[in-house]
1. Could we say that E115 is loosely packed, with under 13 Cβ neighbours inside 10 Å, of a type in the set (D, E, K, R) and under 16 Å from S36 (Cα atoms) here?
2. Restricting to segment 156-180, give me the number of residues that are of a type in the set (V, I, T), buried (at least 16 other Cβ atoms within 10 Å of the Cβ) and modelled with pLDDT of 90 or more.
3. What about V70, is it out of contact with any helix residue (DSSP H, G or I) (no Cβ under 8 Å at 6 or more places or on another chain), hydrophobic (A, V, I, L, M, F, W, C) and without any contact (Cβ under 8 Å) to a residue 40 or more places away in the chain?
4. Six or more apart or on different chains, Cβ under 7 Å: which pairs go from a residue in segment 114-132 that's free of Cβ contacts under 8 Å to residues at least 24 places away in the same chain to one that's assigned to a strand (DSSP E or B)? Could you list them?
5. Has segment 136-152 got at least one residue that is among the small types (G, A, S), more than 15 Å from V96 (Cβ to Cβ), modelled with pLDDT under 90 and crowded, with 16+ Cβ neighbours inside 10 Å?
6. When segment 135-157 is examined, which residues are found to be outside any strand (DSSP E or B), touching a residue at least 60 places away in the same chain (Cβ under 8 Å) and within 15 Å of Q108 (Cα to Cα)?
7. Taking strands (runs of 3 or more DSSP E) that fall entirely within segment 22-82, which contain at least 2 residues that are touching a Leu at 6+ places or on another chain (Cβ under 6 Å) and either among the hydrophobic types (A, V, I, L, M, F, W, C) or modelled with pLDDT under 75 (or both)?
8. Just checking, which of L87, L122, L95 is more than 16 Å from R58 (Cβ to Cβ), crowded, with 17+ Cβ neighbours inside 10 Å and not basic (K, R)?
Amino acid sequence: MSIKDVVAIIGLIAAIAACDKQNFISITNEASQRSSSIQVTMHDTAGPYANVYVNIERVSIHRSDTDSLVGWTDLNVNPGFYDLLELQNGLDSVLVNQTMIGAGHVTQMRFLLGEGNHVILLDSTLLPLNVPSGMQSGIKLNLNHEFEPFKVYDITIDFDVMKSIHVTGNGKYQLKPVIKVESVVEI
């Protein structure tokens, strides 16, 4: 093999490597151009209870803007019990850590609750809190927000305990959540 052949082979290998690297960079840039990042915080208004604990297991968003991003996407939730009454007077809790999502339109947010939700009355009585459909299909709220690429957003959710807890005719406590998106701000 001549030096000319060796130089030609090295040149061909370098050209192939450059093409693969360029394709990788193009794909990486294309994906990051379509990404946003969100985190979700939650707070509450006052209620006539000592504590109201909800067990949040999953938080998802629903998209409808592109074929590849249609449907429900789970977020990076901090699962566990949250005392809604601790989230008052300017206090909130990070429910979802900053999570990368594709940029575009998000229509809804869904909270899937686990078992063990309960209320503690002012006299320290602990009572189970029934959550119709909260453990099966989840609690959904409309978001309808366009998330732009390369931006980080904080979504603040307001959970209104006063309007959400109902005492049934037989004395059982039910949670029919009144939740609203208070704000979606770029941070």
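The values are calculated or read from the model by the stated rules, or taken from the named source; none is laboratory data. In this text, all values refer to a predicted model and were calculated from it rather than measured experimentally. In this analysis, Cβ positions are derived from the backbone assuming ideal geometry, glycine residues included, and neighbour counts consider all displayed protein chains.
1. On the way: loosely packed, with under 13 Cβ neighbours inside 10 Å: yes; of a type in the set (D, E, K, R): yes; under 16 Å from S36 (Cα atoms): no.
It is false that E115 is loosely packed, with under 13 Cβ neighbours inside 10 Å, of a type in the set (D, E, K, R) and under 16 Å from S36 (Cα atoms).
2. 1
3. yes
4. Note: pairs meeting the criteria are L126/H118; L126/I120.
5. Within segment 136-152, the subset among the small types (G, A, S) is 137-138.
This time we only want the ones that are more than 15 Å from V96 (Cβ to Cβ), so: 137.
Now restrict to residues that are modelled with pLDDT under 90: 137.
Imposing the further condition that a residue be crowded, with 16+ Cβ neighbours inside 10 Å reduces the set to none.
There is no residue in segment 136-152 that is among the small types (G, A, S), more than 15 Å from V96 (Cβ to Cβ), modelled with pLDDT under 90 and crowded, with 16+ Cβ neighbours inside 10 Å.
6. G138
7. Strands (runs of 3 or more DSSP E) meeting the threshold: 35-45, 51-63.
8. Just one listed residue meets the conditions, L87.
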